[in-house]
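**Q** Handing you this structure, nothing more for now.
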Amino acid sequence: DAGITQSPRYKITETGRQVTLMCHQTWSHSYMFWYRQDLGHGLRLIYYSAAADITDKGEVPDGYVVSRSKTENFPLTLESATRSQTSVYFCASRVAGGWNNEQFFGPGTRLTVL
Amino acid sequence: GDSVTQMEGPVTLSEEAFLTINCTYTATGYPSLFWYVQYPGEGLQLLLKATKADDKGSNKGFEATYRKETTSFHLEKGSVQVSDSAVYFCALPAPGNAGNMLTFGGGTRLMVKP
């Protein structure tokens with residue numbers, strides 16, 4: 001399917017476990033982003049990537065790891081999940097450059113850490 | 001730094017009521033401005049945008065005018081429907097990164113009752 005997809009859509013895990021959230025886009029967009037959405041905090045950027053093999057930290061990167069070996073995929077890993085990482089996670093992508101270009105968002109992954 | 005401030009919600013309206021969601025920004029220069037909408041259980045999607053001062057963005061009956069004098073980009077709709085119930089985010093490009101990054105407001109939840 002064309003567009004941006006995330007998997008799984010829902011995930012329940014336990015404290016201390018490793019969890020990987022997947023993001024895949026079919027547009028070959030250069031930029032990809034991971035956000036978390038929490039009540040009272042709006043959207044906060046975790047990590048972003050400008051191209052394959054280029055990643056950088058956002059506002060709240062601690063406890064997360066990303067990689068981007070292929071342009072279309074941008075997985076987010078919680079190496080040792082904590083309850084504070086319970087959140088809804090959104091992946092987004094956009095073409096490079098252009099102050100007017102929009103970001104396209106995936107449907108989100110709701111993660112619960114027990 | 002550049003920032004966006006939105007009115008806190010939730011905003012509860014009856015169907016066919018007039019809607020205003022306030023958004024003010026602080027920025028260097030005159031950036032593009034965006035409104036994104038998030039319907040229940042979905043990711044964000046672009047609702048409308050304005051690229052320069054005095055521009056009016058419009059889509060699906062929603063409008064917002066870029067007012068540099070008041071540094072505002074308020075979202076309006078003349079007659080809301082139940083299907084407009086969603087969370088609305090005002091956003092602008094973050095400084096640097098050639099417009100690839102966005103700074104989001106905290107979001108305003110709109111609930112429309114029949």
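**Q** Anything in the stretch A:1-37 that is farther than 13 Å from A:PRO107 by Cα and in contact with a Cys (Cβ under 9 Å, 6 or more places away or on another chain)? List them, or say none.
**A** A:MET32, A:PHE33 - these are the residues of the stretch A:1-37 that are farther than 13 Å from A:PRO107 by Cα and in contact with a Cys (Cβ under 9 Å, 6 or more places away or on another chain).
**Q** Got a sec? Which strands (runs of 3 or more DSSP E) wholly within the stretch A:1-59 have at least 3 residues that are of a type outside the set (Ser, Thr, Tyr)? Show your work before the answer.
**A** Working: elements: A:4-7, A:10-13, A:19-25, A:31-38, A:42-51, A:54-57.
Where strands (runs of 3 or more DSSP E) fall fully within the stretch A:1-59 and carry at least 3 residues being of a type outside the set (Ser, Thr, Tyr), they are A:19-25, A:31-38, A:42-51, A:54-57.
**Q** Please specify each residue of the stretch B:88-111 satisfying the condition of being part of a helix (DSSP H, G or I) and touching a residue at least 24 places away in the same chain (Cβ under 8 Å). Spell out the reasoning first.
**A** We begin by selecting, within the stretch B:88-111, every residue part of a helix (DSSP H, G or I); these are B:97-99.
Hit for the stretch B:88-111 is B:GLY99, nothing else.
**Q** For the stretch A:1-35, name all the residues that are small (Gly, Ala, Ser) and without any contact (Cβ under 8 Å) to a residue 40 or more places away in the chain.
**A** A:ALA2
**Q** Using the structure shown, decide if A:ASP62 is at pLDDT 95 or above and among the acidic types (Asp, Glu). It would help to see each step written out before you state the result.
**A** Details: at pLDDT 95 or above: yes; among the acidic types (Asp, Glu): yes.
In short, yes.
**Q** Separate question: All but one of (1) outside any strand (DSSP E or B); (2) free of Cβ contacts under 8 Å to residues at least 40 places away in the same chain; (3) within 13 Å of chain B (Cβ to nearest Cβ) hold for A:PRO107, so report the exception by its number.
**A** Among (1) outside any strand (DSSP E or B); (2) free of Cβ contacts under 8 Å to residues at least 40 places away in the same chain; (3) within 13 Å of chain B (Cβ to nearest Cβ), A:PRO107 violates only (2).
**Q** Within the stretch A:35-59, track down each residue that is aliphatic (A, V, I, L, M), touching a Lys or Arg at 6+ places or on another chain (Cβ under 7 Å) and crowded, with 17+ Cβ neighbours inside 10 Å.
**A** A:ILE46
**Q** Within the stretch B:48-74, track down each residue that is among the hydroxyl-bearing types (Ser, Thr, Tyr), surrounded by 14 or more Cβ atoms within 10 Å (Cβ to Cβ), part of a loop (DSSP other than H, G, I, E, B) and more than 11 Å from chain A (Cβ to nearest Cβ).
**A** B:TYR66, B:THR71
**Q** Kindly establish whether B:GLU42 is among the charged types (D, E, K, R), at negative phi and out of contact with any strand residue (DSSP E or B) (no Cβ under 7 Å at 6 or more places or on another chain). Even if it seems obvious, please write down each step before you answer.
**A** Numbers: among the charged types (D, E, K, R): yes; at negative phi: yes; out of contact with any strand residue (DSSP E or B) (no Cβ under 7 Å at 6 or more places or on another chain): yes.
Considered against the rule, which asks whether it is among the charged types (D, E, K, R), at negative phi and out of contact with any strand residue (DSSP E or B) (no Cβ under 7 Å at 6 or more places or on another chain), B:GLU42 comes out as yes.
**Q** Next up: Quickly run through the stretch A:6-34 and pick out the residues that are surrounded by fewer than 19 Cβ atoms within 10 Å (Cβ to Cβ), within 12 Å of chain B (Cβ to nearest Cβ) and modelled with pLDDT of 95 or more.
**A** Listed by number, the residues that qualify are A:ARG9, A:TYR10.
**Q** State all residues of the stretch B:88-101 that are within 9 Å of chain A (Cβ to nearest Cβ) and either farther than 23 Å from A:LEU39 by Cα or not small (Gly, Ala, Ser) (or both); if no residue qualifies, say none.
**A** Correct list: B:PHE89, B:PRO93, B:ASN97, B:ALA98, B:GLY99, B:ASN100, B:MET101.
**Q** Looking only at the stretch A:92-104, decide whether some residue is without any contact (Cβ under 8 Å) to a residue 60 or more places away in the chain and more than 9 Å from every other protein chain (Cβ to nearest Cβ).
**A** Applying the first criterion (without any contact (Cβ under 8 Å) to a residue 60 or more places away in the chain) to the stretch A:92-104 yields A:97-102.
Adding the requirement that they be more than 9 Å from every other protein chain (Cβ to nearest Cβ) leaves none.
So far as the stretch A:92-104 goes, no, none of its residues is without any contact (Cβ under 8 Å) to a residue 60 or more places away in the chain and more than 9 Å from every other protein chain (Cβ to nearest Cβ).
**Q** Go through the stretch B:76-87 and count every residue that is in contact with a Gly (Cβ under 6 Å, 6 or more places away or on another chain) and either within 11 Å of chain A (Cβ to nearest Cβ) or outside any strand (DSSP E or B) (or both). Please lay out each step first, then the result.
**A** Step one: filter the stretch B:76-87 for residues in contact with a Gly (Cβ under 6 Å, 6 or more places away or on another chain), giving B:77, B:87.
Right, trim to either within 11 Å of chain A (Cβ to nearest Cβ) or outside any strand (DSSP E or B) (or both) and you get B:87.
Residues in the stretch B:76-87 being in contact with a Gly (Cβ under 6 Å, 6 or more places away or on another chain) and either within 11 Å of chain A (Cβ to nearest Cβ) or outside any strand (DSSP E or B) (or both): 1 in total.
**Q** Related question: Residues of the stretch B:20-47 being surrounded by fewer than 20 Cβ atoms within 10 Å (Cβ to Cβ) and not in a loop (DSSP other than H, G, I, E, B), which ones?
**A** B:THR20, B:THR24, B:THR26, B:GLN45, B:LEU46
The values are calculated or read from the model by the stated rules, or taken from the named source; none is laboratory data. Given the structure is predicted, the values throughout are model-derived calculations rather than measurements. Methodologically, a virtual Cβ is constructed for each residue, glycine included, from the backbone with ideal geometry; neighbour enumeration extends over all protein chains shown.
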